[in-house]
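The values are calculated or read from the model by the stated rules, or taken from the named source; none is laboratory data. Just so you know, these numbers come straight off a predicted model, no measurement behind them. Cβ sites come from the backbone with ideal geometry, for glycine too, and all protein chains shown count toward neighbours.
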Amino acid sequence: MEGKLTEKYMDQLEQWIDTVPKTFTLLFAITRDGCDPVTFHQKCDNQGATVTVLYNQHGSVYGGFTSISWTSKTGVYVKDDKAFLYQLKYSGRDNFNIFRVNSPDGAIVHNNQFGPLFGSGYELFTFKGRINRSENIFPLNGSMNQSGNTYNNQGMTANQINNGTMEVTELEVYMVTDGERKKKIEKQLSPWRKIKDWNEKFHDDLKEKIVNFKPIQGSNVSEARFVMLGPVGAGKSSFFNTIDSIYRGRITQRAGSGSSEHSLTTAFVPYSIEISSGATLNFRLCDTRGLEESMGIDVLEGNYLLDGNIPYYYEFNPTRPITPESPGFKSDPTGNDKVHCAVFVIDSTSLEVLSTKIVEKMKGLRGLMNQKGIPQLILLTKVDNLCEYVEKDVAQVFYSTKVKEAVDKASQLLGLPRANILPVKNYENETELDDNVDILALLALRKMLHCSEDFMLNMKHREKDVEGEMGKLKLEK
Ligand SMILES: Nc1nc2c(ncn2[C@@H]2O[C@H](COP(=O)(O)OP(=O)(O)O)[C@@H](O)[C@H]2O)c(=O)[nH]1
Ligand SMILES: [Mg+2]
């Protein structure tokens, strides 16, 4: 098994350790080996220099390095003047900080009851005794403090490193040895998904084709309706903002976005897009309350949502799902009210930690959609956070091995064909538009429109066929 540590992070650790190139070999990973001091010591004792890496559900990566082998003594301070604690990522963003040892005598604590333990003041104490996994989280019973006694804290608090929690999604220990490492190929020579010509003309063509989109004639639909479903923070509102920005010619933020524990969007908002001529495009992107483990849209409400019973701007209320008696309930929805294509929005960097409850919720909704023949897609967001090549240049997205792997994974997770998984990078921190960001988002939107056309065509044929049957019945009478 390969670990989660990326090449970029290995490069950084290598620089911090010394001037010689380093190879990293995974010795211990709690998701694979379980979180138990016995296993940790079996796998990591007497292996020379090691780096311990913790990953949490808030998108933070941090840990410690020691140049001295771990041992199963019963509690001794071990001197290491090369040891350090470090931070690589905080809340989803790279943040490189090193906290070098300033009292080497107590740099490391060796104890057979404990996992990796750094600092005489337990500056980084991972766990003691066996820790059981709960869903995708290991609630470590250790702690972190930046007292500055053993390691120079650089004026940073523990909360600025571990988000104030010792819950982690993974803890790895790598053996560190001298030697050039074979860099993982993170960029392919030929794309894993072929796109005709990724250039300005393609950008303009895509943009125009979408402006000219018209729902299938005779399907009783004048605008396609997409519903975006997914966990809080996945990037639903940002996707609408991205499309809106493309057509407004500047970065816009009509849909509120940001981070919050519960969903910021609580209403059913059917956003439409206005172009410079004042015309509106013939589709609506419906923002919904996020799918939360214990709240959010349930299956019954999902059913109403898909059938078009839920009125515009309806406020989802987790404690009181909508019923036919609720004010505004559309008991006789039109072709426009129906959902013509469902879009699950998933953060590509969270695939590994997506809770099983949320996946089950999405699968439940998929079941409903299959019954109704509604096509389904996945928007795989934040691919810039997944791959450094994409972060630098979004046009590299279909050459990125990491994005390809995430697409495969998402496809397996929900059981949708790979062609229905659409990587996107939303505008989030930009002040200017970028053709490459536009192209990727427009490609996704084009696929959404195609899927909605398929659905409308089926709707139209079904209506015709039913009418035909009725006609026959009448004639037979
Ligand atoms: N780097 C990056 N950040 C994103 C992307 N999409 C959304 N975000 C950020 O993720 C956070 C949550 O996004 P939001 O659209 O509010 O999620 P929602 O809860 O699904 O509506 C915001 O801080 C966004 O700026 C993306 O593609 N790349
Ligand atoms: Mg939102």
Open item on the list: I'd like to verify a number: residues in segment 306-347 that are under 16 Å from VAL269 (Cα atoms) and among the polar types (S, T, N, Q), how many?
Closed with: 3
Task: Residue identified as crowded, with 17+ Cβ neighbours inside 10 Å and either away from ligand 1 (no atom under 16 Å from the Cβ) or assigned by TED's automatic domain parsing to the domain that holds CYS451 (or both) among PRO191, PRO215 - done: PRO215
Task: Selected residue (only one of LEU281, LEU285 is in the same structural domain as VAL466 (by TED's automatic domain parsing) and within 12 Å of ligand 1 (Cβ to nearest atom)) - done: LEU285
Open item on the list: What's the total number of residues in segment 410-448 that are in contact (Cβ under 8 Å) with a residue 12 or more places away in the chain and not in a helix (DSSP H, G or I)?
Closed with: 15
- [ ] Kindly provide the set of residues from segment 1-33 that are in a loop (DSSP other than H, G, I, E, B) and either more than 26 Å from the chain's Cα centre (by Cα) or more than 21 Å from ASN162 (Cα to Cα) (or both), ordered by number.
- [x] MET1, GLU2, ASP18, THR19, VAL20, PRO21
- [ ] Would you confirm whether any residue within segment 416-423 is buried (at least 19 other Cβ atoms within 10 Å of the Cβ), aliphatic (A, V, I, L, M) and assigned by TED's automatic domain parsing to the domain that holds GLY230?
- [x] yes
TODO: Check whether at least one residue in segment 197-217 is over 21 Å from VAL403 (Cα atoms), more than 16 Å from ligand 2 (Cβ to nearest atom), in contact (Cβ under 8 Å) with a residue 24 or more places away in the chain and in contact with a Ser or Thr (Cβ under 7 Å, 6 or more places away or on another chain), and report yes or no.
DONE: yes
Open item on the list: Tell me the residue from ILE161, ILE210, ILE131 that is surrounded by 14 or more Cβ atoms within 10 Å (Cβ to Cβ), at pLDDT 95 or above and closer than 30 Å to GLU463 by Cβ, please.
Closed with: ILE210
TODO: Of the conditions (1) within 24 Å of GLY364 (Cα to Cα); (2) buried (at least 18 other Cβ atoms within 10 Å of the Cβ); (3) in contact with a strand residue (DSSP E or B) (Cβ under 8 Å, 6 or more places away or on another chain), LEU386 clears all except one; give me its number.
DONE: (1)
Open item on the list: I need a count of the residues in segment 420-450 that are within 30 Å of GLY218 (Cα to Cα) and more than 23 Å from the chain's Cα centre (by Cα).
Closed with: 2
Open item on the list: Quick check on segment 244-279: of everything there that is at pLDDT 85 or above and assigned to a strand (DSSP E or B), which residue is surrounded by the most Cβ atoms within 10 Å (Cβ to Cβ)?
Closed with: ILE273
Open item on the list: If the requirement is being in the same structural domain as TYR247 (by TED's automatic domain parsing), away from ligand 2 (no atom under 16 Å from the Cβ), part of a helix (DSSP H, G or I) and in contact with a Pro (Cβ under 8 Å, 6 or more places away or on another chain), which of these qualifies: ASP454, ASP465?
Closed with: ASP454
Open item on the list: Condition first: more than 22 Å from TYR86 (Cβ to Cβ) and part of a loop (DSSP other than H, G, I, E, B). Now tell me which residues in segment 35-52 satisfy that.
Closed with: ASP36, ASN46
Open item on the list: Filter segment 391-409 down to the residues that are assigned to a helix (DSSP H, G or I) and surrounded by 18 or more Cβ atoms within 10 Å (Cβ to Cβ) and list them by number.
Closed with: VAL394, ALA395, GLN396, VAL397, PHE398, TYR399, LYS402, VAL403, LYS404, ALA406, VAL407
Open item on the list: Quick check on my filter: what residues within segment 418-431 are modelled with pLDDT of 95 or more and either of a type in the set (Asp, Glu) or away from ligand 2 (no atom under 16 Å from the Cβ) (or both)?
Closed with: ARG418, ALA419, ASN420, ILE421, LEU422, PRO423, LYS425
Task: Complete set of residues in segment 80-105 that are farther than 15 Å from ASN149 by Cβ and either among the polar types (S, T, N, Q) or not assigned by TED's automatic domain parsing to the domain that holds ASN163 (or both) - done: GLN87, SER91, ASN95, ASN97
TODO: Scan segment 295-330 for residues that are surrounded by fewer than 16 Cβ atoms within 10 Å (Cβ to Cβ), within 18 Å of CYS341 (Cα to Cα) and hydroxyl-bearing (Ser, Thr, Tyr) and report the count.
DONE: 1
Task: Enumeration of residues in segment 347-383 that are within 27 Å of PRO215 (Cα to Cα) and within 16 Å of ligand 2 (Cβ to nearest atom) - done: LEU379, THR381
Open item on the list: Checking the conditions here, which among CYS341, CYS387 is in the same structural domain as LYS236 (by TED's automatic domain parsing) and either closer than 21 Å to MET459 by Cβ or without any contact (Cβ under 8 Å) to a residue 40 or more places away in the chain (or both)?
Closed with: CYS341
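This table checks each residue for (1) part of a loop (DSSP other than H, G, I, E, B); (2) among the hydrophobic types (A, V, I, L, M, F, W, C); (3) in contact (Cβ under 8 Å) with a residue 40 or more places away in the chain; (4) touching a helix residue (DSSP H, G or I) at 6+ places or on another chain (Cβ under 8 Å).
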{"position": "PHE96", "(1), (2), (3), (4)": "no, yes, yes, yes"}
{"position": "GLY121", "(1), (2), (3), (4)": "yes, no, no, yes"}
{"position": "GLN146", "(1), (2), (3), (4)": "yes, no, yes, yes"}
{"position": "ILE161", "(1), (2), (3), (4)": "no, yes, yes, no"}
{"position": "THR165", "(1), (2), (3), (4)": "yes, no, yes, no"}
